Amino acid sequence: MRSSVPGRSDARLTYTGGRRISPLSDGARSEILARRYRAIRGVTTRLCQTLSSEDCSAQSMPDASPAKWHLAHTAWFFETFVLRREDPNYSIFHPRFEYLFNSYYNSVGEQYSRPDRGLLTRPPLEEVGRYRAHVDAAVSTLLDDPGRLSETALDIVELGLHHEQQHQELLLTDIKHLFGQNPLAPVYRATKQAQSTPIRSIEWHSFEAGLVEIGHESPAFAFDNESPRHRIYLEGYALASRPIRNGEFAAFIEDGGYSRPEFWLAEGLAKVREENWRAPLYWLHHDEKWWNFTLGGLRPIRMEEPVCHVSYFEADAFARWAGCRLPSEAEWENAAAAAPIEGNFLEAGRFHPEAAQGSFHQDGPLQLFGDVWEWTSSAYHPYPGFQVADGAIGEYNGKFMSSQMVLRGGSCVSPRSHLRPSYRNFFYPDARWQFCGFRLARDA
Ligand SMILES: [Fe+2]
């Protein structure tokens, strides 16, 4: 952990990756975390209820992981960073799991090859279930004993719960990618579609030039990459009232968007040609109609829904075609700072982006949270004054701050309690398998 946090000696000030202040006693916080621990771990298990053991073992590409690996790795996190450190009586479930289910923590040790995770037919799914139960029992014993864990250890439990929620989203995106390779177009879960709504034209919300502050600053949890809060000068800009829709993206396709070099970054155009991109991932053209593969199965595309599963390159090319640009992350956060965290999240169980419900209003842009992560024009870099935490937890975010772009807002498979205006997601600019869309911005 970073040692130079102001107030570090004050027991009421604690640090978890990001700066946080806990006004609670250790016992009260332990009780709250115990309840959240059971609830969040239970969600992960339930997400896998409709999957077979074969579904849980397969890996569709190097970037995706089998569901079984997600289930085991999230238990590994608590075993490694809480139980091994805090419980001298903890019995290690399996000595080789430290190697098998370590994702990228070099400080912990060597890791099993990521692209080969689908080869791990052993341990079987049932054993991973027993591993999770073993870890859950041990963590619960610690949390149920008020004052047993230090404030620093409780910080790690809280970090572990947010980590678990990140993996809930990854588990769904990876299952979608796996099922998307299957000509049977498997249904992960039969989901109800929202009522069809007409496409509404974009309105523009203007923001005056000036000095603004972005970054996390509240007693609540945040990851280290959201801090320190800092000032940034923004020129006047306007932000679109909603994300770009399938219908609008279809117009870009029909206008030859994918084959017109003038709209593309060089690296993006190379990717279009190399991968033969002609539409967003999961779009299929059949019988002169566009279809969309979803976690609810194959469906005719709804033109009013936000476009999803596009790379940064596609979002940027569309913006150029439309005579606009993508917002920077500071512009996005400045617009979202006062917006309610409402929308279509994992809890809704629809697992697919939907058109905004309700009417546009004067208060600000709609659908900033939920439905689709929104690509920004900002490279993923440290904020001024950012310091990597000491030890293995310092590897959580900081070492990935190169060659990736920031996304904001969360998606239809993000847990609602996991999101906030300062949240920074990040992916490589050619990544398409996450639930990524975008909204436009323009200079004022
Ligand atoms: Fe992880």
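The values are calculated or read from the model by the stated rules, or taken from the named source; none is laboratory data. None of the values given here were measured: they were computed from a predicted structure. Here Cβ is always computed from backbone atoms with ideal geometry, including for glycine, and neighbour counts include all displayed protein chains. Remember, those area values only see protein heavy atoms, side chains included, never the ligands or the DNA or RNA. Shrake-Rupley method; radii C 1.70, N 1.55, O 1.52, S 1.80 Å.
In table form, for the structure just shown:
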| item | result |
| --- | --- |
| Principal axes of region 145-283: Cα extent on each, largest first, Å | 62, 50, 38 |
| Note, ³J(HN,Hα) from phi for region 114-128, Karplus 6.51, -1.76, 1.60, rounded to Hz, x at Gly and Pro | 4, x, 9, 4, x, 7, 7, 5, 10, x, x, 4, 4, 5, 5 |
| Alpha-carbon centroid distance for the pair region 297-362 / region 92-159, whole angstrom | 34 |
| Normalised per residue, the volume of the convex hull around the Cα set of region 29-73 (Å³) | 77 |
| Distant-in-sequence amide H partners of ASN292 (H built 1.01 Å from N, under 5 Å) | LEU284, ARG299, ILE301 |
| On Cα atoms only, tilt of 266-275 relative to the major axis of the chain in degrees | 90 |
| Rounded tilt (10° steps) of 26-47 against the dominant C-alpha axis of the chain | 50 |
| Residues of type lysines that LYS289 reaches as a straight line, Cα spacing below 24 Å, ignoring anything fewer than 8 places off in the same chain | LYS176, LYS192 |
| When the convex hull of its Cα atoms is projected in every direction, mean area for region 241-373 (nm²) | 9.1 |
| Charge dipole (the chain, unit charges on Cβ, about Cα centre) - positive-most of ALA431, LEU171, LEU184 | LEU184 |
| Region 45-181, Cα convex hull volume normalised per residue, Å³ | 104 |
| Solvent exposure of region 372-429 as accessible area per residue, Å², 1.4 Å probe | 30 |
| log10 of Debye I(q)/I(0), alpha-carbon scatterers only, for the chain at 0.10 Å⁻¹ | -0.74 |
| Accessible surface of region 345-444, 1.4 Å probe, proportion on carbon and sulfur as whole % | 50 |
| Neighbour net charge for PRO123 - beta-carbon separation under 10 angstrom, K R +1, D E -1 | +2 |
| The chain - charge dipole about Cα centre, Lys and Arg +1 at Cβ, Asp and Glu -1, debye rounded to 20 | 520 |
| Computed helical MRE - 222 nm, the chain, DSSP H runs ≥ 4 contributing -39500 (n - 2.57), nearest 500 | -9000 deg cm²/dmol |
| Folded to 0 to 90 degrees: helix 312-321 orientation relative to the chain principal axis, Cα | 30 |
